Structures are given as C-alpha cells and as structure tokens.
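First comes the structure, then the notes that go with it.
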Amino acid sequence: MTRGVRVEMRFSLSLPREALSIPMIRRVVGDALRGLGVAENCVDDLLVATSEACTNAVQHARAPGEYRVTLHADESDCVLKIMDRGSGPRPAPRERGVLSESGRGLSIMQALVDDLDIQTSPDRGTVVHLRKRLSWRDEALVRRLERKLMHTAG
C-alpha cells in the first residue's frame, strides 16, 4: 500500500507597519511557493491578495508597531493570515470616482482566493484569512513524487 505524498510548509513573520514591508512579504511568499513548485498563476493570485491585505494592515491598523503574516501550505491548499491591531474593513464610500483605487481591496481578494474570512475584535484586532487551492507546475517535486508512487504501486 502506498502512502500519499505529504508536502507542508509553515512560517510566520512579524513586520513593521511600513509600506516597504509589503514588497518584502511578496518576495518571501512568492519565493516559498515557487520553491515548492506551485504554478505561477496561482502564486500571482496569492501575492496580489496578500498585498491587498498587508496594505490594509499598514494603512488602517490603529496601533503602532507591527503586523504579522503566517503561511501554511500543503499539497492541496495555501492559507495565509494577516493579523494587525486594526478595527477591520470600513465600508467603501458610496460614490467613488471611476479611477478611485480606495475600497477595492476586499473585492480583489475575494476574486483571487477560494475563501476570504475577516475576523475583527476590539481587543485583538483584525485577522484576514486567505485560502486558495494550489495548482502545481508539472516539474514540481510533489508531482514527481506522485508519479513515482503511482509507478511503483502498479
């Protein structure tokens, strides 16, 4: 009997609430997912959604200091959590200009991930949960291991 391929990665970063931290987290998350062999279009979706959530943490959290990003990826999903001391999303203004960029972050995140959940608590702040089902490049280690197991199984 063969056992399924098990791939798992976890990390957590505390970042200063500064705009310069956003490209850094994009680089770390992108390099980690690409290193696992996640398909580029899937990586791109996660990076844009993560950037939107981190931008909100940097711009809107009420407490000075840091925000935190955690990542858990396995052979099926990637879950990112962006945590800050903010009070959560604000309703978008009723009348936005056609070229206005403010207030679109939640819609962008919803379009790019499979699940978006935002939990807000006055004493703990805001946690944005992003979950996306992963797709893999053909040459990804997880794909090569699956083929090897299938070949040896019969």
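The values are calculated or read from the model by the stated rules, or taken from the named source; none is laboratory data. Predicted model, so just to flag it, every value in this text is computed and none were measured. A quick note on method: Cβ atoms are made from the backbone with ideal geometry, for glycine too, and the neighbour counts reach across all protein chains shown.
Just a few scattered comments:
- Options Asp84, Asp77, Asp114, Asp44; residue that is farther than 18 Å from Val128 by Cβ and either at pLDDT below 95 or within 14 Å of the chain's Cα centre (by Cα) (or both): Asp44
- At least 3 residues being touching a residue at least 60 places away in the same chain (Cβ under 8 Å) is the threshold, and among the strands (runs of 3 or more DSSP E) wholly inside segment 1-87 those reaching it are 8-16, 66-74.
- Hey, Arg85 touching a helix residue (DSSP H, G or I) at 6+ places or on another chain (Cβ under 7 Å) and over 16 Å from Asp114 (Cα atoms) or not: no
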